[in-house]
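The values are calculated or read from the model by the stated rules, or taken from the named source; none is laboratory data. Bear in mind the structure is a predicted one, so any value in this text is a computation, not a measurement. Positions of Cβ are generated from backbone atoms using ideal geometry, with glycine treated the same way; all protein chains shown enter the neighbour counts.
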Amino acid sequence: MLVTGATGRIGRLVIDELLGAGVPVRALIHRSEAAATLPAEVEVFTGDLTMPESLDPALNGAGAVFLVWTAPPDTAVAVVERLAAHVRRIVFLSSPHQTPHPFFQQPNPMAALHAGIERLIAATGLESTIIRPGMLSSNSLAWWAPAIRAGQVVHWPYGAAETAPVDDRDVAAVAARTLYQNGHVAGDYVLTGPESLTQAAQVGVIGDVLGRQITFKEMTPDEFRSLSESTAPSSVVEMLLAAWSAAVGQPAYITTAVADILGTAPRTFRQWAADHAAAFAEDSKPRRP
């Protein structure tokens, strides 16, 4: 099994799941030094989705590919053609852009990219499975952890917006299972957590796990735009704001796909927060007054 995006949030966990199941694993990385972060039993190849010919050594002899698209769309046709020439199965990490819920129906350049790659994969006739995680629990590490570690108020827009955060580990377990287990050809799985929680409630859950109260204060969309100016493309910022706005007063879209495939209930956001509590723990160094 070849895992692309092998050092990313999901790809790295997929490798662990495959190894745990006794499946031989190959990893595709961009930089050779990243090999040091992978288990010794993983066969590592260096390649780049923007240079389709660089994928051939990793693809030779592979049976299936976990595809995470992390490049501009220009080379998508050539990459999918190369995959089709070497492997029999593709599991593609996409997004829930077809999901009939306002949160997922906002204009989103990434959704258009994903839809195009899905069409390319379908045209190959290969065995394929589409994985569509909703909001990832781990997003809160980037969004709220810095303020929580510093003992500060969490300022964020649309605190009343409801999502059903899904644990990255559950997404990876589903991806791995569909790579090596039969019965998932043409599968199209939207993956969510088990409960609908407002963003403010998610911050509250983190506070409960840490044993302290965390104050959540509403931020305006314009304040969020200014905050994100140097950290995210404006298209992503606008997509998030539109999605959160549409989710206010709407219970989150929830599926049973994780439980159906794994045979166990998806982890709750509280479980995820408890397992990652150290990432939110207050900084030990004294803060300036």
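Annotations for the structure displayed:
- Residue identified as part of a loop (DSSP other than H, G, I, E, B) and aliphatic (A, V, I, L, M) among ALA84, ALA58, ALA62, ALA76: ALA62
- Candidates PRO100, PRO39, PRO72, filtered to the one that is modelled with pLDDT under 95 and closer than 18 Å to GLY8 by Cβ: PRO72
- Of the set (1) farther than 27 Å from ALA111 by Cα; (2) buried (at least 21 other Cβ atoms within 10 Å of the Cβ); (3) in contact (Cβ under 8 Å) with a residue 60 or more places away in the chain, all apply to ARG26 but (3).
- Any hit, the stretch 231-247, residues being at positive phi and either among the hydrophobic types (A, V, I, L, M, F, W, C) or free of Cβ contacts under 8 Å to residues at least 40 places away in the same chain (or both): no
Yes/no matrix, rows are residues, columns are (1) among the charged types (D, E, K, R); (2) farther than 18 Å from SER95 by Cα; (3) out of contact with any Gly (no Cβ under 9 Å at 6 or more places or on another chain):
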| site | (1), (2), (3) |
| --- | --- |
| LEU210 | no, yes, yes |
| GLN213 | no, yes, no |
| ARG225 | yes, yes, yes |
| ALA232 | no, yes, yes |
| VAL237 | no, no, yes |
| LEU241 | no, no, yes |
| ALA247 | no, no, yes |
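- Tally, over the stretch 114-133, of residues that are in a strand (DSSP E or B), of a type outside the set (Gly, Ala, Ser) and more than 17 Å from the chain's Cα centre (by Cα): 1
- Residue check, PRO52 farther than 27 Å from ASN139 by Cα, surrounded by fewer than 20 Cβ atoms within 10 Å (Cβ to Cβ), without any contact (Cβ under 8 Å) to a residue 24 or more places away in the chain and not hydroxyl-bearing (Ser, Thr, Tyr): no
Yes or no, residue by residue, for (1) surrounded by fewer than 19 Cβ atoms within 10 Å (Cβ to Cβ); (2) more than 17 Å from PHE269 (Cβ to Cβ):
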| residue | (1), (2) |
| --- | --- |
| VAL174 | no, yes |
| ASP188 | yes, yes |
| GLU195 | yes, no |
| ARG212 | yes, yes |
| GLU218 | yes, yes |
| GLU223 | yes, yes |
| LEU227 | yes, yes |
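- The conditions of being assigned to a helix (DSSP H, G or I), at pLDDT 95 or above and closer than 26 Å to SER230 by Cβ are met by ALA147.
- When the residues of the stretch 87-113 are filtered to those that are touching a Pro at 6+ places or on another chain (Cβ under 8 Å) and outside any loop (DSSP other than H, G, I, E, B), the one that is surrounded by the most Cβ atoms within 10 Å (Cβ to Cβ) is LEU93.
- Residue match in the stretch 44-55 (condition: closer than 21 Å to PRO133 by Cα, at pLDDT 95 or above and of a type in the set (A, V, I, L, M)): no
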